[in-house]
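A.B. asks: Sharing a structure here in structure tokens format.
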Amino acid sequence: MDRDEEKGHGDRSLLFIGDEDDDLGVDRDGGSPPSSDAGSSFSDRSDDGVEDDPGDRRAPNVARQQGAWPQSYRSSIDMLSAVQSPTVSTIMAASPSISKIGNSFLKAGSSFFLNKKAAAEGSLPLTRPLLPPSLSQLSQQQPASRLSTDSLPPRPPAPAPALQAPAMQQRPSAACLKSNYIELPPPASKCSSSQSIINGLNVLCGVGILTTCYGIKEAGWLSLLLLPLLGACSCYTGLLLKRCIDSSPTIETYPDIGQAAFGITGRVFVSVVLYLELYSCCVEYITLLGDSLSSVFPSAHLAFTGIYLSSHNLFAITMALAILPSVWLRNLSLLSYLSAGGVVATITIIVCLFWVGIGDGVGFHPSGTALNLARLPVALGLYGYCFSGHSVFPNIYSSMKERSQFPYVILFCFIVVTIVYSGVAATGFLMFGESTMSQFTLNMPQQFVPSKIAIWMTIVNPYTKYALTMTPVALSIEEALPKKMRNYLAGMCVRTILVLSTVVVALSFPYFALVMALLGSVFTMLVALILPCACYLSIKRSAVPLWEVALCIAIILIGTVCACIGSYTSIKQMISGS
């Protein structure tokens, strides 16, 4: 092991992503590198000799302010999108075209040392350190231009591999290593359309699938019409995010879009909303773990010196302690294996549900009401949570090799997810009827083998995704700490406090379905419907046709009304303890 790593000095500057993201202080359009004492982020750059048009928001000068928080967003969210797990690439190895890409992910994820062979091929350029790079790195780094998008001219030919190899073979200086303690993994240079589809499905197919049956129980069969409606609106707003990114070469992530639309205030607001959404998902994971394990061991409890912990509380605390070491990991590339396990767990749960209904004698029993308007807001929040993937879509788009295929990728993902969610919702409710619980796995008879498999996969799923979901939140807080506190010990303390706080919140509000409905009503409506339309109208302004302005305003109004009604209903039911 490298001596620097044994001392606990990770290197956030050793992040490897695609050649469209070469941000070592070099202007993406071919400008000159800044001085070494600059903030070294995308917001430092400006185009020499070009003045911003006050009426043209496509070249926002707000994106050039130094030190814009959070700088770690792109690299941390890439863990949820653009990093292919070696396990997934192994599964897809039967296809030569995909396995070739998978091999590059294997080489990138196997170690966080500099890979000389990959460097010789020019596929792993250094990119965007949180702290300024050393002068030797800047002097040897070759200028790179961003991969072309729909509104940008084609990029020039890539430099010869022989010119990039010397810059890659030199390790960063000790000064560059001194203050960095988190090692972000090196994803592959680009993702094919197939891998982007897998990334999109991985983001959209989550624990929300467990509550779709409960949505039918609450609001009736006609509430299923909300799934394709919300899916269509979310797919359209995902395309709006793409157009916002294409409007300027300085825009890459969702916070960048917020900054381009509404300045630094917009960037901070969008970032806080996204991080709160991720934090809330971690709270749901703890609740899900407690519910699932207490169904397997209902008689478990702890009574000690006047303290009594029920089965749910005991397992929630125990699993949080079991998760904690994975949150402390410095080499986050190890978490890509856990992410792949979450995908397999979701597929297994779906298969087990159909297995129990068809092969184990549970059967299907039509029941339920057509529509229950009083409970419709709860179902609206539950269904909305199923499409909460917009925080990752900009990263998926930026990581694509052929960006023109992004509309087809996102359309395919939403069609598949909508069909899967609708099928699981109808199947689960036909099996369990009015007795359907907040997670359909709790209804599955435990004497059947597929039921046991589904419950344990439900336990594995949140365990595999918790650390990846919490990492962006932790990095954003660590980034805001004073420089003298940016060390590994402080990072461990921040992450420990975050994990413990999610346990406290989960035990205070142990209502899995109602909390999910609240998240879907507030955060999903904001992130997936309201903010994309508002940012798009602000950035494009006069370039947007009248019909699209009306459509965006209508989506904003729908999202606002749904957020208000859904959150009010969910909070009211949680207070009443239903």
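A.B. asks: Rounded to the nearest 10 Å², what accessible area does residue 548 have for a 1.4 Å probe in the complete protein model?
C.D. replies: 10
A.B. asks: Can you give me the pair-distance distribution of region 449-578, C-alpha pairs, 10 Å bins, whole percents?
C.D. replies: 10, 23, 28, 26, 12, 1
A.B. asks: State the extension gain, in nm to one decimal, for the chain segment bounded by residue 328 and residue 358, taking 0.36 nm per residue of separation less the distance between their alpha-carbons.
C.D. replies: Details: separation 30, 0.36 × 30 = 10.80 nm, distance 4.28 nm.
Here the segment from residue 328 to residue 358 would lengthen by 6.5 nm.
A.B. asks: Can I ask one more? Over region 280-321, how many percent of alpha carbon pairs lie in each 5 Å bin up to the one with the longest distance?
C.D. replies: Binned Cα distances yield the sequence 6, 26, 30, 21, 11, 5, 1.
A.B. asks: How much accessible area does residue 69 have with a 1.4 Å probe, in Å² rounded to the nearest 10?
C.D. replies: 70
A.B. asks: Which whole-number percent gives the relative contact order of region 485-578, counting Cα pairs below 8 Å spaced six or more residues apart? Display every interim value, and only then the final one.
C.D. replies: On the way: 48 pairs, mean separation 37.3, N = 94.
That works out to 40 percent.
A.B. asks: So what are the three principal axis dimensions of region 487-561 from its Cα atoms, in whole Å, longest to shortest?
C.D. replies: For region 487-561, the Cα extents along the three principal axes come out at 52, 36, 10 Å.
A.B. asks: Still on this structure, I have one more. Over the alpha-carbon set of region 409-521, work out the extent along each principal axis and list the three values in angstrom, largest first.
C.D. replies: Computed over region 409-521, the largest-to-smallest principal extents equal 58, 37, 28 Å.
A.B. asks: When you take every Cα atom in region 368-420, what is the radius of gyration, and what is Dmax, the widest Cα pair distance, in Å?
C.D. replies: For region 368-420, the Cα-based Rg and Dmax read 15.6, 48 Å.
A.B. asks: Still on this model: Taking a probe of 1.4 angstrom, what is the accessible area of residue 401 in Å², to the nearest 10?
C.D. replies: Surface accessible to solvent at residue 401 totals approximately 110 Å².
A.B. asks: In Å, what Rg and Dmax follow from the Cα atoms of region 456-532?
C.D. replies: 15.4, 43
A.B. asks: Please work out the Kirkwood hydrodynamic radius for region 228-331, using every pair of different C-alpha atoms, and report it in angstroms with one decimal place. Could you put the intermediate results ahead of the total?
C.D. replies: On the way: mean 1/r = 0.0575 Å⁻¹.
The answer is 17.4 Å.
A.B. asks: Ordering 312, 301 by how much accessible area each has at a 1.4 Å probe, largest first, what is the list? Could you put the intermediate results ahead of the total?
C.D. replies: Numbers: 312 30, 301 100 Å².
Final ranking, largest accessible area leading: 301, 312.
A.B. asks: Further, regarding this structure: Check residue 400: other-chain or 5+ apart residues with amide H under 5 Å from its amide H, H built from backbone geometry?
C.D. replies: Those qualifying (amide H under 5 Å, at least 5 residues apart or on another chain) are 191.
The values are calculated or read from the model by the stated rules, or taken from the named source; none is laboratory data. Note that the structure is predicted; figures quoted are calculated from it, not measured. The protein model used for the area step is the full one, side chains on, heavy atoms only, and it has no ligands, DNA or RNA in it. Shrake-Rupley method; radii C 1.70, N 1.55, O 1.52, S 1.80 Å.
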